[in-house]
Amino acid sequence: MITLKRMVHRAINKGILRENPFANFRCEQEDTTRKWLSKAELDRIMHNPMANPKAEQVRILFIFSAFIGISYADLCNLGYGNVSADGQGTVWIRIRRKKTGTQAIVPLIGIALDIYNKYRNLTIDGNDGNGKVFDVPCYGLVRTRLEEIRKAAGLDTLSFHMARHSFSTTVCLSNGVPIETLSRMLGHKNISTTQVYAKITNQKVDEDMQILKKRLEGKYHFPQPDHLQTNLQKTAAI
């Protein structure tokens, strides 16, 4: 609708239209919901290897995405030229997102690094920076294999993009990663896009408040006048 409004304004400026049909219309963005996996659901996928080698390949790629936040399209484009190590030995992925053109920067640590070292495409020479890191199947095949994985894990629904959403919520926000850092790793243009994930779970709110509770213990003291304390005790007794 925003794009259409711009076209109408251009038509008015060129004299094609005399009146603006959008004069009293305001575009409003609807609340966006994200489907993501809880820790228990993600564990079920991680602990259920598939007998079918093609389904197992998709399961590994899904887990990799869940611990690095990369989308299917960007995973297909991920080349050795996007992977580099810094002076401290940390391996980084720097990739320009296909959807937005912004750069996403994510460190390869833990499970994601293990998968990279074990399942990356060793048949392609990555020294020239042109080889693809993973042999990613076409999306039609990925959807078919994800349905097998969903049934094996006992989930109601499963899509590849849920891995990216699970990285944002279950892996990062629920474990204290600041939303500014997450926004940088996801390659979002605006932090408002990342804030959608912050609305998803109350677990993060509860954990943050428990941390705040511990930090405030002993720092503040509220002295109550004797007559107020007596009145409060009487009220409690009633």
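Nothing in this text is a laboratory measurement; each read-out follows from the coordinates by a stated rule. None of these values were measured; they are calculated from a predicted model. Cβ coordinates were reconstructed from backbone atoms using ideal geometry, including for glycine residues, and neighbour counts include every protein chain displayed.
At-a-glance table
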| read-out | value |
| --- | --- |
| Gain on full stretching of the segment that runs from Val196 to Lys214 - 0.36 nm per residue minus C-alpha separation | 3.7 nm |
| Partners for Lys132 among lysines (Cα-Cα distance below 21 Å; same-chain residues under 8 apart left out) | Lys54, Lys98, Lys99, Lys118 |
| At most 11 other Cβ within 10 Å, DSSP loop - trypsin sites (Lys or Arg not before Pro), region 1-85 | Lys14, Arg18, Arg26 |
| Theoretical FRET efficiency, 1/(1+(r/R0)^6), r = Cβ-Cβ of Asn117 and Leu141, R0 25 Å, to 0.05 | 0.50 |
| Kirkwood estimate for region 39-206, i.e. one over the average of 1/r between Cα atoms, Å | 16.5 Å |
| Likely footprinting exposure, Asp74, Asp135, Asp206, Asp156, fewest C-beta neighbours within 10 Å first | Asp156, Asp206, Asp135, Asp74 |
| Sum of side-chain charges, Ile105 neighbourhood, beta-carbon under 9 Å (Lys, Arg +1; Asp, Glu -1) | +2 |
